[in-house]
């Protein structure tokens, strides 16, 4: 049901990752420990209840990642019920046999903004940190990546990944139940590492940047997306309390500051590829994510401010190369 064996077989053949493959079974067991995560048995039951369906086509390179094929109304009902048992769905969208999983985030918009600016992924070994249920991992595979390793410590997202994997059947794509702190030190193995929406959650942004650098081979590319503020070099927002109702936001730099941070962490040629103010069309509540979303996190009288009075979420994407 939550079986990594095919992926581990692939990983064990990788020259730089084979040693990690030997450690992973124990790490996976720890990350999916039912005594630590009380909702995990319920999510596993939802996963178990997914109907056995055979796709006629797999779609990894379209906005809605998923699988198509003819199914009965009875099968459709069972599919919807099982998938909704894994609510909330944050990153996507997905479509399985005509069922549109309309996730909170239009993650395809983020992908469209960066896909032509990064180094081509064809044949590359890729790491995606904080990947959720793996939407961008599937897109990376669809763009030609040879192996995609996603990591996320949230067991719900791991269960969602396996729900998708049941039908997509891509053993070269895995989402592992862990954070970046659980990776072996100085792996220096990946051709491309993505860190999207993570930096501002880290108490030490420089430690995060150094950890990202150490995942990459020499010359490998970092793709970093994070919250930013308008301002010049040296300017950083440190929210005193919550930011956009999030309690774990520590540092929000200007683009000039972040470029300087990347250089200080040893990255070569850091460059800004896009800036985008998050809209309530890109992040919103849906049938598949029924909790509060961006609209409730903004000042109701001024969409350019958070409900706490800080500048509204604006995100920038940088790319840079490891030394």
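The values are calculated or read from the model by the stated rules, or taken from the named source; none is laboratory data. All values reported here derive from a predicted model rather than from experimental measurement. In this analysis, Cβ positions are derived from the backbone assuming ideal geometry, glycine residues included, and neighbour counts consider all displayed protein chains.
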**OP:** Output yes when any residue across region 98-108 is out of contact with any strand residue (DSSP E or B) (no Cβ under 7 Å at 6 or more places or on another chain), modelled with pLDDT of 95 or more and under 20 Å from residue 198 (Cβ atoms), and no when none is.
**Re:** yes
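Test residue 34 against the stated conditions and say whether it is free of Cβ contacts under 8 Å to residues at least 24 places away in the same chain and under 26 Å from residue 147 (Cα atoms). Break it down stepwise before answering.
Working: free of Cβ contacts under 8 Å to residues at least 24 places away in the same chain: yes; under 26 Å from residue 147 (Cα atoms): no.
In short, no.
For region 247-266, what are the residues that are free of Cβ contacts under 8 Å to residues at least 24 places away in the same chain and within 24 Å of residue 283 (Cα to Cα)?
Filtering region 247-266 down to residues free of Cβ contacts under 8 Å to residues at least 24 places away in the same chain leaves 247, 263.
Correct list: 247 only.
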**OP:** Please give the strands (runs of 3 or more DSSP E) falling wholly within region 241-323 in which 3 or more residues are exposed (fewer than 15 other Cβ atoms within 10 Å of the Cβ).
**Re:** 268-277, 302-306
Subject >> Qualifying residue in region 190-200 (condition: touching a strand residue (DSSP E or B) at 6+ places or on another chain (Cβ under 6 Å), in contact (Cβ under 8 Å) with a residue 12 or more places away in the chain, in a strand (DSSP E or B) and surrounded by fewer than 22 Cβ atoms within 10 Å (Cβ to Cβ)) >> reply: yes
Original post:
Only one of 242, 284, 271 is in contact (Cβ under 8 Å) with a residue 24 or more places away in the chain, more than 23 Å from residue 206 (Cβ to Cβ) and touching a helix residue (DSSP H, G or I) at 6+ places or on another chain (Cβ under 8 Å); which?
Top reply: 284
**OP:** Could you figure out which of (1) touching a strand residue (DSSP E or B) at 6+ places or on another chain (Cβ under 6 Å); (2) in a helix (DSSP H, G or I) isn't true of residue 10?
**Re:** (1)
Original post:
Which condition number in (1) part of a loop (DSSP other than H, G, I, E, B); (2) buried (at least 16 other Cβ atoms within 10 Å of the Cβ); (3) touching a residue at least 60 places away in the same chain (Cβ under 8 Å) is the one that residue 67 fails?
Top reply: (1)
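Residue by residue, here is whether (1) part of a helix (DSSP H, G or I); (2) modelled with pLDDT of 95 or more holds:
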position: 21; (1), (2): yes, yes
position: 24; (1), (2): yes, yes
position: 37; (1), (2): no, no
position: 42; (1), (2): yes, yes
position: 50; (1), (2): no, yes
position: 54; (1), (2): no, yes
